[in-house]
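Bear in mind that the values in this text are calculations on the coordinates, not laboratory data. Because the structure is a prediction, the values reported are computed rather than measured. Ideal geometry is used to build each Cβ from the backbone, glycine not excepted, and the neighbour counts take in all protein chains shown.
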Amino acid sequence: MSSETKLTLAKLAKLAGVSTSTASRALKDNPLIKQETRLKVQALAKEHNYSVNAAASRLRTQKTHVIAVILNLIDHTEQSTTDPFLLKLVGELNQALNAKGYELLLSNSFMASDDWANYFIHSQRADGMIVIGQGKSTKKIDRAAEAGVPIVVWGDPKSEANYPIVGGDNYQGGFDATTHLLQKGAKRVLFLGDAEHAEMQERYKGYLQAHQNANISVSSDCTCTIDITSKAAYEYINQRVKANGLDFDGIVCSSDMVALGALKALKERYVGIPSDVGIVGYDDISLAELMHPALTTIRQNTQQAASAMVEQLLRQFEGLQTASYVVDTQLVVRRSSKHD
């Protein structure tokens, strides 16, 4: 075929000896089409440099096959799109969406303005939205859901909402992290994070319950409200130790990045980890195992989370019932909290 002659879907179907609709489905790797047929159509398309006209397809179907993934960052935070846990979750979502024939459009809550329904859906940038993080307020999420936007949220699945929320059991994670330190002999355990976030609030409740179960009272100065970044944790621990000395022997951190900042501040002051202070993080990012000492943390199954979020979103496309979903969490014990 002449390179100057543009191959259409109809011509590709004729070459393959199938109908136009079958060729279209084969190119999308639709499992309803026999694998032999799919491979034949795909090989012919590659041989003749055929590619789907996405813009034309969009006009015909009114579907983009794109999902907007929004990092719901709060105002006045230094947490950014480079946060390792957010990147890990985005990576898992990308794979899960690609496996279902969708592309991922990454954005953040600052870029998308206040009206997510108009910005992403009505403008045909995307077919649906996955929001990572409930933040301190769910107003933007609620508004999008009320506008009929297919939406799934990564957050605390125990929250009441009219849309599905996927996340770990934050209460149990906070409880397990704190109980672990108390069982190791800690008496004054700090909670380092921001309990105004729905997820962190549940972790804080678990922290309090663990103390109650151990018959240990929690002093108000053990609740340390900081931005959930390593820089904020580093600065807080530095200032606290400088002002009060070492008035604590354990830290439950709201994330591994917070734990990294606390760990750095203590090591610079030659505080023994875990001999003087035991530390537990949250998320189990890849860096956790590489820290010195390696970080005890709460692992959240991000692959399971991504699969559940995509499934709940696709169910909305099909008009099926959806539900919130709790992913597996696990205490991973490493050197930052245990002695040899």
- Task: Let me have the 222 nm mean residue ellipticity of the chain computed from DSSP H runs of 4+ only, each contributing -39500 (n - 2.57), with the sum over all residues rounded to the nearest 500.
- Result: -12500 deg cm²/dmol
- In the range 247-296, what chymotrypsin sites (Phe, Trp or Tyr not before Pro) fall in a loop by DSSP, with at most 15 other Cβ atoms inside 10 Å? Tyr270
- Task: Could you tell me which label, among (1) 19.5, 61; (2) 21.3, 70; (3) 24.5, 82, carries the value of Rg and Dmax of the Cα atoms in Å calculated for this structure?
- Result: (3)
- Can you list residues whose amide H is under 5 Å from Thr329's amide H, if they're 5+ apart or on another chain and H is modeled 1.01 Å from N? Asp169
- Message: Test of understanding: what is the full-extension gain from Lys139 to Leu208, defined as 0.36 nm times their sequence separation minus their Cα-Cα distance?
- Response: 22.0 nm
- Tell me, which longest segment in the chain has none of the GluC sites (Glu not before Pro) that fall in DSSP loops with at most 10 further Cβ atoms within 10 Å? 161-317
- Note on the structure: Sorted on mean Cβ neighbours within 10 Å (highest first), peptides 38-45, 251-258 come out as 251-258, 38-45
- Query: For Glu289 and Lys158, what is the calculated FRET efficiency with R₀ set at 30 Å and r taken between the beta-carbons, to the nearest 0.05?
  - Reply: 0.55
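When only C-alpha pairs under 8 Å and at least 6 residues apart count, what is the relative contact order of the chain, in percent?
15
Evaluate E = 1/(1 + (r/R0)^6) for Gln124 and Gln303, where r is the Cβ-Cβ distance and R0 equals 41 Å; express this FRET efficiency to the nearest 0.05.
0.85
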